[in-house]
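What follows draws every value from the coordinates through simple rules; no lab data is involved. Treat the numbers as computed from the prediction; the structure is a model and nothing was measured. Here the Cβ positions follow ideal geometry from the backbone for every residue, glycine too, while neighbour counts run over all protein chains shown.
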Amino acid sequence: MPVSGSQMQITEIYKSIQGESTYAGLPCVFVRLTGCNLRCSWCDSEYTFSGGHRMTVEEIIEEVEHLSPSGLVEITGGEPMLQEREVVPLMQRLLDDGYTVLLETGGERPLERVPKGVVKIVDVKCPDSGEADSFDIHNLDALDSIDEVKFVLSSRTDYEFARDFVAHHHLGGRVTAVLFSPAFSKDARGPRDSSHCLLDPRELAEWMLADDVPARLGLQLHKFIWDPAMKSV
Ligand code: SF4
């Protein structure tokens with residue numbers, strides 16, 4: 001295992017409110033890694049595709065502790081598992097230090113080496129993202145009961161894909177939560193409301209109720225609180 005001097009490419013580390021998942025609404029430190037091998041049509045993190053700066057695991061831990069000595073930390077990107085060699089020991093260190101650690105990942109890279117105790121929030125890409133089929137189906141075996149699986153939806157086609165995926169793989173019984181979330185317009189500016197969702201949340205709610213989908217409807221809190229173009233929130 002690499003020593004703590006190994007360096008990672010980091011876009012930003014900041015404290016904000018967790019906007020998604022069953023942890024939504026809680027204060028959270030975000031460690032956002034640089035780089036992604038996917039190009040989702042509604043991506044709100046394109047600024048992570050390049051740039052960033054090198055930091056050691058030790059420097060990242062220091063920054064996280066400075067922002068919050070305890071509580072919730074999310075490892076996100078980009079796709080954090082592209083830096084698996086360094087991010088795995090980082091997550092283990094954070095767990096050992098008593099943090100609740102969330103890993104936001106598209107599930108395209110192998111997840112079996114993610115330390116036990118890390119809550120994996122796996123974002124299975126739907127057809128309208130342009131990255132359908134990117135999820136590695138073998139990663140279903142790496143899911144733990146504490147994990148969550150998220151589908152970001154922008155059409156009826158996406159909804160039916162997610163509904164059928166959940167049923168086919170019995171996701172309701174495998175993980176803590178299955179999350180259905182309407183994609184949000186990345187061009188939204190000024191006052192924002194549900195009309196900026198690419199799929200009407202009311203329509204989505206009615207479909208979920210009609211089909212008895214074992215999923216939780218989630219709105220991306222941070223998109224309503226802050227301008228979607230704003231970084232570090
Ligand atoms: S996986 Fe995430 S960071 Fe990468 S393109 Fe898709 S939404 Fe953007």
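For the chain, the alpha carbon positions stretch 52, 42, 29 Å along the principal axes, listed from largest to smallest. Computed from Cα positions, the angle between helix 201-211 and the longest principal axis of the chain comes to roughly 70 degrees. Across all directions, the average flat footprint of the convex hull enclosing the Cα atoms of the range 1-54 is 5.4 nm².
Helical runs assigned H by DSSP (4 residues or longer) give the chain a calculated mean residue ellipticity at 222 nm of -7000 deg cm²/dmol, each run adding -39500 (n - 2.57) before division by the residue total. Of the GluC sites (Glu not before Pro) found in the range 58-167, those in coil by DSSP whose Cβ has at most 11 other Cβ atoms within 10 Å are E112. Rounded to whole numbers, the Karplus 3J(HN,Hα) couplings from phi for the range 60-70 are 5, 4, 4, 5, 4, 4, 5, 6, 7, x, 7 Hz, using 6.51 cos²θ - 1.76 cosθ + 1.60 with θ = phi - 60°, and x at Gly and Pro. Roughly speaking, what is the centre-to-centre gap between the range 199-218 and the range 21-96 when only Cα atoms are used, to the nearest Å? Taking the Cα centre of each part, the range 199-218 and the range 21-96 sit 30 Å apart. Sites listed here are trypsin sites (Lys or Arg not before Pro) in the range 139-230 whose DSSP assignment is loop and whose Cβ has at most 11 other Cβ atoms within 10 Å: R189.
Here is the short version for the chain: C28, C36, C126, C197 have no other Cys C-beta closer than 4.7 Å. D by Stokes-Einstein for the range 142-199, Kirkwood Rh over Cα pairs, 25 °C, 0.890 mPa s: 193 µm²/s. Against the main long axis of the alpha-carbon atoms of the chain, helix 84-96 sits at an angle near 80°.
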